[in-house]
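Asker: Here's a structure for you.
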Amino acid sequence: LTGVLDDCLCDIESIDDFNTFKIFPKIQKLQERDYFRYYKVNLKRPCPFWADDGHCSIKDCHVEPCPESKIPVGIKAGSSNKYSKAANDSKELEDCEQANKLGAVNSTLSNQSKEAFIDWARYDDSQDHFCELDDERSPDAQYVDLLLNPERYTGYKGPSAWRVWNSIYEENCFKPRSVYRPLNPLAPSRGESFYTWLEGLCLEKRVFYKLISGLHASINLHLCANYLLEETWGKPRWGPNVKEFTRRFDPAETKGEGPRRLKNLYFLYLIELRALSKVAPYFERAVVDLYTGNGHEDAESKALLLDIFRDTKSFHMHFDEKSMFAGDKKGAKSLKEEFRLHFKNISRIMDCVGCDKCRLWGKLQTQGLGTALKILFSEKEIQSLPENSPSKGFQLTRQEIVALVNAFGR
């Protein structure tokens, strides 16, 4: 990909440079810190839209909590917040190891971590959301260590996966029924041409479609980059699958659709980058603490986050959201509300993903994008935040902060 992106004064080369040398190394470091690596998620919520067609039975799809009796004493006692290798190698963990063989979700947490989470929950407050949030008090909600459960190709595909994306595009992208999205770009086209329709949309609705397409491209790229290449003697080997990447993104294999998908990924990057630069004043206040209970680590995490904000502000080719929702007040307000409801619906569709690992990352990235939108539509509230007291007009929960950083990291 080269050249300028549509709907913004931005070229791809500048974004690549800025990301590779400034942002990516820092955001990667931030994702490894305790505040950002634990995400609470309910993977048992039923699909609200259709009867569940059964969960993915591939072992790598599973999210397998370890039984209490199998958790090593060191972790139970909470003497250490880290996963000590010696403890994890013990014979006791064999059953868990079996379950976690291909990187199923590991949810062993020390008591110390659990206490920190209760404190975090007190910091959380919720309001005008773009996402359907999991009820964190539900007994089904559990903390997941994102570093131990990387997003990658698990073998989950076919009709169940198609149905999720189809439902997202067909029902939630402001699309008339007469227009068919080229789900399979090589299939003969029916009805009005998809892209003629897209170009004719108002900027806001075009942006919405591009964000969803960018999210889809992002997820597909992670699956291609971290693919189960082979399994010999029960040992999996993960790595980039170039053939799969070509199948999804090569212009020749996708009737020119692939580069559009990748451009939408850059567009998504710019929107989330813009949100990070806009939310900086919220975090710059002394009253906001990335609280884990470890004062030294918390201060370092905050310093690193503020450093990333400085970088995002230095990038001079942001997407300018001021052109959005700028029409007459009444029309703009109802369009924004429509935007919010469509997006909320997409976050609910994530409960229909049959593979738990995919559901975890789908929910996290959707919530991250929903948080970015919430920030972009709250500029006035963010600018008028009180310096030394919790804000009434604009508030981010810990979940939203973790989702925003990790989604942008993806």
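Asker: Go through the residues of the stretch 244-256 one by one and say whether even a single one is open to solvent by 80 Å² or more (accessible area, probe 1.4 Å) and closer than 30 Å to Leu304 by Cβ.
Answerer: no
Asker: Which condition number does Ala332 fail, the rest of (1) under 21 Å from the mean Cα position of the chain (by Cα); (2) of a type in the set (Gly, Ala, Ser); (3) modelled with pLDDT under 80 being met?
Answerer: All conditions are met except number (1).
Asker: Would you pick out the residues in the stretch 9-50 that are of a type in the set (Val, Ile, Thr) and in contact (Cβ under 8 Å) with a residue 60 or more places away in the chain?
Answerer: Those that are of a type in the set (Val, Ile, Thr) and in contact (Cβ under 8 Å) with a residue 60 or more places away in the chain: Ile12, Ile15, Ile23, Ile27, Val41.
The values are calculated or read from the model by the stated rules, or taken from the named source; none is laboratory data. From a predicted model like this one, the values you see are computed outputs, not experimental measurements. With ideal geometry, Cβ positions are generated from the backbone for all residues, glycine too; neighbour counts draw on all protein chains shown. Surface accessibility is based on the protein's heavy atoms, side chains included, excluding ligands, DNA and RNA. Shrake-Rupley method; radii C 1.70, N 1.55, O 1.52, S 1.80 Å.
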